[in-house]
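What follows is a short report on a single structure.
The values are calculated or read from the model by the stated rules, or taken from the named source; none is laboratory data. Remember, it's a predicted structure, so these values are computed and weren't measured experimentally. Here Cβ is always computed from backbone atoms with ideal geometry, including for glycine, and neighbour counts include all displayed protein chains. When the accessible area is computed, the model is the full protein with side chains, heavy atoms only, and any ligands, DNA or RNA have been set aside. Shrake-Rupley method; radii C 1.70, N 1.55, O 1.52, S 1.80 Å.
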Amino acid sequence: MLSRTRHPWAARYGAAALAVTIAFLLTALLDPLLQEASPFLLLSAAVLAAAAYGGLGPGVLATLLGAVVGDYLFLPPLGTLAPPSAAHGLTTGLFIVQGLVISAIGAWLASSRRRAEESALRATEDRRSLSESEERYRLLVEGAKDFAIFMVDTEGRVRDWNEGARRVFGYEEGEIVGEDGSVLFTPEDRESGAPERELGKARTEGRAEDERWHVRKDGSYFWASGYVRPLRDEDGNLRGFSKVARDITERK
């Protein structure tokens, strides 16, 4: 389960107020060195920090608080929000517009970062789930010693080979993996195209069952019952086939 969650609203809006407070204190400390319109520079940084941390709402709150603080405490006449000139009113208005733009951009960046983190977490969990599934499958396949269970790719080449397949067919995994699975069929079935028909039926019908003679590594024949099923990914693309077979020569 994804553990990354958005910060609580109180923390987000509290961070906006804290950012404006810090900017105000820094501005008050540096006021003798700043030009008349400069207080809004530090307050703009507070808006960006609030939006990046909390999103659009906290960014807008920081913008409004910054406009009030900057106009009331740092632009003459001090202690009033009434601008003495159009220039001062324009300064405050431009800060508000700038703050809203910064808030929107900061919120978009925060949302993009959050989506990227969630995607990374989801990918990690998917990999872990896949690894666990593969391990369970491996243990299941290795434990089925009386059944030959193996996989072939879309071209019919062997890609996986369990202990049961080694016991039934006689091939070690290193000897058979990468080889054409048709070597397990009799020469007569290979000539008639039986291996290809079996995979074709599994591809179109979802399952192909058979009882036929198969050939061991030493050339001996045995009667086997089994089935083939297609393996598809989550998008439905064919990735290969799985085959399960059992020696029933004594029954035959």
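In table form, for the structure just shown:
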{"item": "Failed criterion for Pro195 (all others in (1) touching an Asp or Glu at 6+ places or on another chain (Cβ under 8 Å); (2) closer than 15 Å to Thr154 by Cβ; (3) in a strand (DSSP E or B) hold)", "result": "(3)"}
{"item": "Inter-residue pairs, beta-carbon under 7 Å, first closer than 16 Å to Gly181 by Cα and free of Cβ contacts under 8 Å to residues at least 40 places away in the same chain and in segment 199-228, second among the acidic types (Asp, Glu) and outside any strand (DSSP E or B), 6+ apart", "result": "Ala208/Glu198; Asp210/Glu198; Arg212/Asp189; Val228/Glu198"}
{"item": "Pair list, Cβ < 7 Å and 6+ apart or interchain, from segment 151-172 residues that are more than 18 Å from Phe222 (Cα to Cα) to residues that are open to solvent by less than 40 Å² (accessible area, probe 1.4 Å) and of a type in the set (Asp, Glu)", "result": "Arg159/Asp153"}
{"item": "Extreme residue, least open to solvent (accessible area, probe 1.4 Å), among residues of segment 95-120 that are over 16 Å from Ala45 (Cβ atoms) and without any contact (Cβ under 8 Å) to a residue 40 or more places away in the chain", "result": "Ser112"}
{"item": "Hits in segment 161-188 - residues which are modelled with pLDDT of 90 or more and acidic (Asp, Glu)", "result": "Glu172, Glu173, Glu175, Glu179, Asp180, Glu188"}
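This table checks each residue for (1) in a helix (DSSP H, G or I); (2) open to solvent by 60 Å² or more (accessible area, probe 1.4 Å); (3) modelled with pLDDT under 80.
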| position | (1), (2), (3) |
| --- | --- |
| Ala11 | yes, no, yes |
| Ile22 | yes, yes, yes |
| Pro32 | yes, yes, yes |
| Ala52 | yes, no, yes |
| Pro58 | yes, no, no |
| Ala62 | yes, no, no |
| Gly70 | yes, no, yes |
| Thr92 | yes, no, yes |
